[in-house]
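Here's the structure we're looking at; comments come further down.
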Amino acid sequence: MNQNIIKYVLNVFIIVLLIFALIVFMNTIGINLNIDEHPKKLLQVVTIEGLKEREEPIKTGADAFCESYKGSSGDLNTSCGKLTNKNCNATSCCILTSDKKCVAGNASGSTYNTDSNGKTINLDYYYYQNKCYGDKCPDKMKKMKKMLILKNKQNKSNTD
């Protein structure tokens, strides 16, 4: 058994010696097995930032629209005029007038109550966030007409 171990160790030693000799030979004649890497180029610098929790809720587009014009009501009035009827009613800083114009305003009415000539603008009614304000709102007018018709019918039936 001792001879088997000695033969085994001798065989391992010979194999290691052959591998070492092969490496020395390859190095001597200049064989390089390393892959040539091209120099690395910086293509783009990217900054990665961590996200923080928001203390205030995320604003809707309509809220952000109004907030962007705080302190400049003239510009707000011009920008309100460019909104669609649906978007005008979605904001908290614009109203839709009875003549279907979107102007700066709130539940109390329009911000500007005079035209460019200084003449007072009288609104029959206006919509603020899809709610009608004013005495001549179409819904109120329909109800008043129905009430008048009912009243007339009752008066006719009482006189007959």
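A Cβ distance below 8 Å, combined with a sequence gap of six or more or placement on separate chains, defines the contacts here; from the range 17-42, residues that are loosely packed, with under 10 Cβ neighbours inside 10 Å reach residues that are hydrophobic (A, V, I, L, M, F, W, C) in the pairs L33/M26. Give the number of residues within the range 94-120 that are within 23 Å of the chain's Cα centre (by Cα) and assigned to a loop (DSSP other than H, G, I, E, B). The total comes to 0. Criterion applied to K156, K140, K119, K145 was being modelled with pLDDT under 85 and surrounded by 12 or more Cβ atoms within 10 Å (Cβ to Cβ), and the one residue passing it is K140. Got at least one residue in the range 85-93 being free of Cβ contacts under 8 Å to residues at least 12 places away in the same chain and part of a loop (DSSP other than H, G, I, E, B)? No: zero hits. None of G105, G81, G109, G71 is small (G, A, S) and exposed (fewer than 10 other Cβ atoms within 10 Å of the Cβ) except G71.
Looking at A64, is it out of contact with any strand residue (DSSP E or B) (no Cβ under 7 Å at 6 or more places or on another chain), under 30 Å from T91 (Cα atoms) and part of a helix (DSSP H, G or I)? It is true that A64 is out of contact with any strand residue (DSSP E or B) (no Cβ under 7 Å at 6 or more places or on another chain), under 30 Å from T91 (Cα atoms) and part of a helix (DSSP H, G or I).
Inspection of the range 126-135 finds no residue satisfying the criterion of being out of contact with any His (no Cβ under 8 Å at 6 or more places or on another chain), aromatic (F, W, Y) and in a loop (DSSP other than H, G, I, E, B).
The values are calculated or read from the model by the stated rules, or taken from the named source; none is laboratory data. None of the values given here were measured: they were computed from a predicted structure. Every residue, glycine as well, gets a Cβ built from its backbone with ideal geometry; the counts of neighbours run over all protein chains shown.
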